[in-house]
Structure formats: C-alpha cells, structure tokens
Amino acid sequence: MSEINGKVVIITGASSGLGEATAHRLAKGGAKLVLGARREDRLKALRDAIVEQGGEAIYRVTDVTDRSQVEALAQAAKEAYGRIDVLINNAGLMPLSPLDQLKVDEWEKMVDVNIKGVLYGLAAVLPTMREQHAGHIINLSSVAGHVVFPSAAVYCATKYAVKALSEGIRQEGGEEIRSTNISPGAVATELTTTISDPETAKGVGELYEMAIDADAIARAIAFAIEQPADVDVNELIIRPTKQPL
Ligand SMILES: NC(=O)c1ccc[n+]([C@@H]2O[C@H](COP(=O)([O-])OP(=O)(O)OC[C@H]3O[C@@H](n4cnc5c(N)ncnc54)[C@H](OP(=O)(O)O)[C@@H]3O)[C@@H](O)[C@H]2O)c1
C-alpha cells in the first residue's frame, strides 16, 4: 500500500497552481487533505472536486501572515482527522522588481508570506509531530533559492531563507521528522501575476514560455511523501529541461 494512503496532509496556498495540483495528486493516492488559502470560492471548488472523485478533503480559509489563522488550520486537521502527518508550506508570491524601484511594500509582503508564513506553519504543526514521534515538513523554495536572478533579489532572499529553514528542520528533526525542500524552476501557475513592474513582467513572461505543468511538482512532492519513514528526501530541484539558469 502506498505511503500516501491515509496520511493527513495540510497544504497552504492550495487555491491555485502547485498547491491545487498537489492536492489533486495526493487525494488520488488516498491522502486526507486539509486545504488552506485566502480565496474561499477556489478552496470550496477544489474540496468539492476531490470529494466528487472519491477523495477526502476539508478546507479552512487561511491567511498565512496571521499566526492564529495558521494555528486554526492545523487545529482543523486534528479535529477532522486526529493527526497531522505532512505540512506542505506552499503559499507564496513573487512580485519581482529591480531594487532601485524601492517597492518596499512588496518586499514586506514577500517576507511576510514566503518566510513568516513558513515559520507560522512550522510552529503550528511541530508540537503535534513531536507528540506523534513522526511528521514531514515540505517547504516550497525555488531555483531562486539556489541562484540569484536579475530583479529578483528580495524573492531570492526569501527562497534562500526557506532552503536554510528546510536544512535546519532536517538537522533538528532527528529521527522523527522528515524535511523536504522543493525547488521548482518555471512552472505555469498564477505566480507571475503578482509582478507589478511592466518591464520585469515582460521579461519573466518570456522566460515562462518554457514553463512546465504544475503536476510535475506535484509528482515530486508525492515521491518525497511516499518513501518509507526511514527515508528522508531532502532536496529536489525540478526545472523545465529548456531552462538555462
Ligand atoms: N510557479 C513557479 O514557477 C514557481 C517556481 C518556484 C517556486 N514556486 C513557489 O511555489 C509556491 C506556489 O506558487 P504557485 O506557482 O503555485 O503560484 P500561485 O498559483 O500564485 O499560488 C500561490 C498560492 O499562494 C496563496 N497565497 C498567497 N498569499 C497568501 C497568504 N497571505 N495566505 C495564504 N495563502 C496565500 C494563493 O492563494 P490565495 O490568493 O487564495 O490566498 C495561492 O493559492 C510559492 O511558494 C512559489 O514561490 C513557484
């Protein structure tokens, strides 16, 4: 039987893109999904689609920049399913721009969602995973957590931070808690719609012509989860074959 079957999996940012694709794939493998994001209509439609296809899912509207809402998401998982096996810290945004434009509000949003949201997720599930003596934290970093791109300094800084956190969780998780850092390259999702600078949006639009399907990342996440408990897949980089950097 697959190691995915029956696992309780929380996904932040489940309302589109990688989160949504991962929810569909894991539901097909028999996981019990707990879906979080801000757009309730999208979460409800996803929950309904999963249930219609014979899967199990609940959702809770969650803004990951609010620690109490992330705690409530973890609590909802425990109330519905009694445990938390996997947290996928996936919510993120990428409003790229050159530093000289001083889009400080966007820098702060990236820090709040891409870093603090991940920390709130970790804090919400770690005590439960310790009590269970088992758990798995999967963080969405990026190729931008390995390489710094033009006009992407702040986004890259957040994704380098996520990579560092994943390694810290791996080291401190010991024998009980697995840690996986997922680093996608260009993937076709709504991520690029957060870019407000027209020049940067144009350049990124050209790069994303090679973007691969979100299910490529969902498959990588499923691979990490389905390994036996004594196997910890720590780092996966998944690029379009054509992507140069
Ligand atoms: N697509 C790529 O090329 C790529 C490459 C490398 C890494 N990544 C990473 O993959 C992750 C998923 O991105 P994606 O590509 O799937 O983009 P996406 O389609 O834009 O999805 C982002 C998700 O994050 C959620 N989100 C944003 N702010 C939030 C908040 N404050 N609280 C809760 N949820 C929030 C959004 O939902 P709501 O708006 O409903 O809240 C949405 O579901 C991100 O961390 C991104 O940095 C993506």
Roughly speaking, what is the centre-to-centre gap between the range 135-166 and the range 168-221 when only Cα atoms are used, to the nearest Å?
9 Å
Say we join alpha carbon atoms closer than 10 Å with springs in a Gaussian network model of the chain; which of S196, S97, S166 then has the biggest fluctuation?
S196
Cβ crowding within 10 Å averaged over residues, with 9-22, 177-190 ranked highest first
9-22, 177-190
Taking a crude spin-label model, label points 7 Å out from Cα along the C-beta direction, the Q75 to F149 distance in nm is 3.8 nm
Give the lysines reachable from K159 as a straight Cα distance under 21 Å; neighbours fewer than 8 places away on the same chain don't count.
K103, K109, K116
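Per-residue ellipticity at 222 nm for the chain, helices alone: DSSP H runs ≥ 4 residues times -39500 (n - 2.57), over residue total, nearest 500 deg cm²/dmol?
-14000 deg cm²/dmol
Rank these residues by their accessible area, most exposed first, probe 1.4 Å: M94, M210.
Most to least solvent-accessible, the answer reads M210, M94.
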As an exercise, identify the trypsin sites (Lys or Arg not before Pro) in the range 1-64 lying in DSSP coil whose Cβ has no more than 14 other Cβ atoms within 10 Å.
R39
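The values are calculated or read from the model by the stated rules, or taken from the named source; none is laboratory data. These numbers were taken from a predicted model, which means no experiment stands behind them. Neighbour counts are summed over all protein chains in view; Cβ atoms, including those assigned to glycine, are modelled from backbone coordinates with ideal geometry. Heavy atoms of the whole protein, side chains included, go into the accessibility calculation; ligands, DNA and RNA do not. Shrake-Rupley method; radii C 1.70, N 1.55, O 1.52, S 1.80 Å.
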